[in-house]
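The values are calculated or read from the model by the stated rules, or taken from the named source; none is laboratory data. Computed from a predicted model, the values in this text were never measured in an experiment. Cβ placement follows ideal geometry from the backbone for every residue including glycine, while neighbour counts extend to all protein chains displayed.
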Amino acid sequence: MLLDVANIARMNQRAWSRNGCRVSAFFLLPVLGAAALSYSSQSPSQTSPAAAAAQSALPQALPTTPAPATLQGLPLPPAVPRAGLNIVVLDPAHGGTDLGARGTGGIRESEIVLDFATQVRRVLEAQGFQVVQTRQGNEDPSFDDRSAIANAQSGAVFVTLHIASTGLPGTARVYVNSDLPVTTNAGGLIPWERAQTPFQALSRKLGDLVQGLLAQRFKGSPNTAQTAAVRQLRTTAAPAIAVEISSVVVESRADLDRMAPGVADAIATGVATFRPSYVVPTTGGTP
Amino acid sequence: MTTRWIKWVVGLLCVAVIVGVFYLPILRRRLRAAAKLQQQTAEQARRELTQAVPINPGEPRVKAKLFWASGNGDGALVDSTVELPLSDDSVLRSKQVLNTLLAGPVDAELRTLPPDAVLLAFYLLPNGTAIADFSEALATATPSGIQSEQLAVDSLTRTLEANVPRVQRLKILIHGQEVETLAGHLDLTGTFLVNTKGLLVAPSVAAPVVAPTAPPSAEKPAAPAIEKAAPAAVPTAKPGSPKGA
């Protein structure tokens, strides 16, 4: 994988010179780490395009306001053309020792969401999307590690998959993060812990689209996405939604497995419908 | 002479080993029992110190609104009106309504919070930020999931909003500590909006605040927005709280 180290170094130096190590520490380093992580987690068939996307994303994703023409004599990095939406980061929640919700019949959320992710991936790839998963097996990356994978991509949306402990069996809900005020620091960088804020409107749009499709397939599901303070979404710098299926309390796992094709189709169709409206926000939380 | 002494010493050592073989397991059992007893006593003492604030029958009875699950499995809350002699003091009043909420409705199926969860401490800062410290059962026994965790937090924020006007935000601690999530999903690192009217009047610069996109309704509550608290405003440790926190 090739990274535009010169650009990153310039960005890093600018951040250091303006705001000290704090600013660069909370965003630049995790992004660099994420780029490496995403490279290692992708299948061979995806490596080259994803790496290229990540490469173009790094300088572009950091500033949220137009930067001054020069700073301390350093020329600005050349403008990077923005690509449209072409990557979907799928996050099967939990994993490893974190089993997630557990049903009485031995159903484990961490296992089922991995199977769901496989099916969603298949449908998305059939529609021409490139899919990056935050975990391929029974690992348990941290919230920040998962977000970092998404934040290293350019032109990506993030979908985290969950199975609930509660709710009407056979229904599915989409959540977007609770509204937060958009904040940037003096350098125009978004704090890592609020990376989702500029994408809230886009997340809402994607969430409503997917939720509408899920409501058509699963009776009793809400018609629009709901808001919740979902930890995973807060640090994700991309349109991001959480899809939660009800529930682990079903009598047999087959009841959940039967939902997988419908969920996969709703997510893929929703993302495809969302594609034309995908624009990387450059200022203040509006797409 | 020397041989006799050696025999005595060896004999004594053998006796000591035999006694040790029998006595050590007994001693270990006793130590375990004592440790367990001490742990129970500490837990009991903590509960006694933080037991529910007694409701003074002399206080005027007011209609308190408590929010429990609708029972439809859709993650919605409905309000129940309960007549309680509530204190005028905001902290005492908050403890009273939260303890009543924790005690649960008549129908246990409508609970939003685990039956074992205990409110250990409650503080109210001058800026309207309330800090509610719950026992570990809140984190370990709340069903894992976005819907169930949101329902638990919604019931707390909306009950406070309906009964204690001074509370504007809620910070939830577990056993005196800030935790990342309630039960794996819902973010507890920030504060939840409680009273949006008060927030719109005096937004904090350090921790700017926006109102939720839709006002909460009894039938379909909007999730309270979570905000990152200003570090100075939300102590994760406070003198006098359990565990010395």
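Restricting to segment A:92-122, and then to whatever is assigned to a helix (DSSP H, G or I) and among the charged types (D, E, K, R), can you tell me which residue is nearest to the other protein chains (Cβ to nearest Cβ)? Checked segment A:92-122; the qualifying residue nearest to the other protein chains (Cβ to nearest Cβ) is A:109. Quick check on my filter: what residues within segment A:209-248 are away from chain B (no Cβ under 12 Å) and of a type outside the set (Gly, Ala, Ser)? Selection gives A:209, A:210, A:211, A:213, A:214, A:216, A:217, A:218, A:219, A:236, A:239.
Here's the yes/no breakdown for (1) modelled with pLDDT of 95 or more; (2) over 10 Å from the mean Cα position of the chain (by Cα):
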site	(1), (2)
B:108	no, yes
B:121	yes, no
B:126	yes, yes
B:129	yes, yes
B:133	yes, no
B:152	yes, yes
B:158	yes, yes
B:163	yes, yes
B:171	yes, yes
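Filter segment A:85-101 down to residues that are small (Gly, Ala, Ser) and free of Cβ contacts under 8 Å to residues at least 60 places away in the same chain and give me whichever is farthest from residue A:276 (Cα to Cα). Write out each step before concluding.
Initial filter on segment A:85-101 (small (Gly, Ala, Ser)): A:93, A:95-96, A:100-101.
If we keep only those that are free of Cβ contacts under 8 Å to residues at least 60 places away in the same chain too, we end up with A:95-96.
Working: A:95: 33, A:96: 37 Å.
For segment A:85-101, the residue satisfying everything is A:96.
Residue A:273: surrounded by fewer than 18 Cβ atoms within 10 Å (Cβ to Cβ) and not in a helix (DSSP H, G or I), yes or no? Criteria not met by residue A:273.
In this entry, residue A:266 passes the filter for residues that are in contact (Cβ under 8 Å) with a residue 60 or more places away in the chain and in the same structural domain as residue A:114 (by TED's automatic domain parsing). When we screen A:67, A:93, A:117 for residues that are of a type in the set (Gly, Ala, Ser) and at pLDDT below 90, the only hit is A:67.
Can we say residue A:206 is touching a helix residue (DSSP H, G or I) at 6+ places or on another chain (Cβ under 9 Å), under 29 Å from residue B:191 (Cβ atoms) and in contact (Cβ under 8 Å) with a residue 40 or more places away in the chain? So residue A:206 fits the description; yes. Of the strands (runs of 3 or more DSSP E) contained entirely in segment B:95-189, those carrying at least 1 residues that are of a type in the set (Ser, Thr, Tyr) and away from chain A (no Cβ under 14 Å) fall at B:119-124, B:129-134.
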